[in-house]
Amino acid sequence: MKFSRIRISSRSQRTFGEIKSHTGLTPNLLARFAICISLKEKSIPNPDEFNEEGSEIAPNVLFGEYEEIYMALILNRLKQDKLDPENYLNEMMRAHLNRGAIALSPRIKDLSDFYELVKEERNV
């Protein structure tokens, strides 16, 4: 099983662009953090809530050397949500990425906000 290219929503693309302009953090790093934020949520994200009008991200760019870790995380979550990985792997990864981006938007206005958010999440 492999990830395919993920097309993010236009809203997530704008969010990552805005956060990057305030922090210097690249969209792929923000997307990784967004995925983790979303995976923590108890509810299952609805992929239909997110358009596919944003940019496309290749798995090697999105995950870098951590692709296996993200694969394990999403497979664990799909099992928890009782969703078949063969049918839902990429769709739910896209949904988690987009939901996480929306969650990050109001929380990061500058680099110190990101630093504080990382510290917060490590202590949970």
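Just so you know, all these numbers are worked out from the coordinates, no wet-lab data involved. The structure presented is a predicted model; accordingly, all values stated were derived computationally and were not measured. Neighbour counts are summed over all protein chains in view; Cβ atoms, including those assigned to glycine, are modelled from backbone coordinates with ideal geometry.
The alpha carbon centroids of the stretch 53-89 and the stretch 2-37 are separated by 14 Å. When Ser105, Ser112 are sorted by how many other C-beta atoms sit within 10 angstrom of their C-beta, beginning with the fewest, the order is Ser112, Ser105.
Overall, the stretch 6-122 carries a charge dipole of about 320 debye about its Cα centre when +1 sits on the Cβ of Lys and Arg and -1 on the Cβ of Asp and Glu, all other atoms neutral. Considering only Cys36, Asn90, Val118, and ranking their Cα positions along the charge dipole of the chain that arises from unit charges at the beta-carbon of Lys, Arg, Asp and Glu, the one farthest toward the positive end is Val118.
Across the stretch 104-109, coupling constants 3J(HN,Hα) worked out from phi with the 6.51/-1.76/1.60 Karplus curve, θ = phi - 60°, read 6, 3, x, 9, 10, 10 Hz, and Gly and Pro carry x. Taking amide H as placed 1.01 Å from N in the peptide plane, Arg7 has its amide H under 5 Å from the amide H of Ile57, each at least 5 places away in sequence or on another chain.
Quick one: Debye curve from the alpha-carbon atoms of the stretch 6-122 only, equal weights, vacuum; give me log10 I(q)/I(0) at q = 0.11, 0.12, 0.13, 0.15 Å⁻¹ to two decimals. For the stretch 6-122, the Cα-only Debye profile gives -0.33, -0.39, -0.46, -0.62.
Kindly identify the stretch 1-61 as rounded, prolate or oblate by the Cα gyration tensor criterion: order the square roots of the eigenvalues as a ≥ b ≥ c, call it rounded if a/c is under 1.5, otherwise compare a/b with b/c, prolate if a/b is larger, else oblate. It comes out rounded by the Cα gyration axes. The number of Lys pairs in the stretch 6-122 with C-alpha atoms less than 19 Å apart, excluding pairs fewer than 8 positions apart on the same chain, is 7.
Between the helical axis of 67-80 and the longest alpha-carbon principal axis of the chain there is an angle of about 60 degrees.
I'd like the orientation of helix 27-40 relative to the chain: the angle between its Cα long axis and the longest Cα principal axis, in ° from 0 to 90, rounded to 10. So the inclination is approximately 60 degrees.
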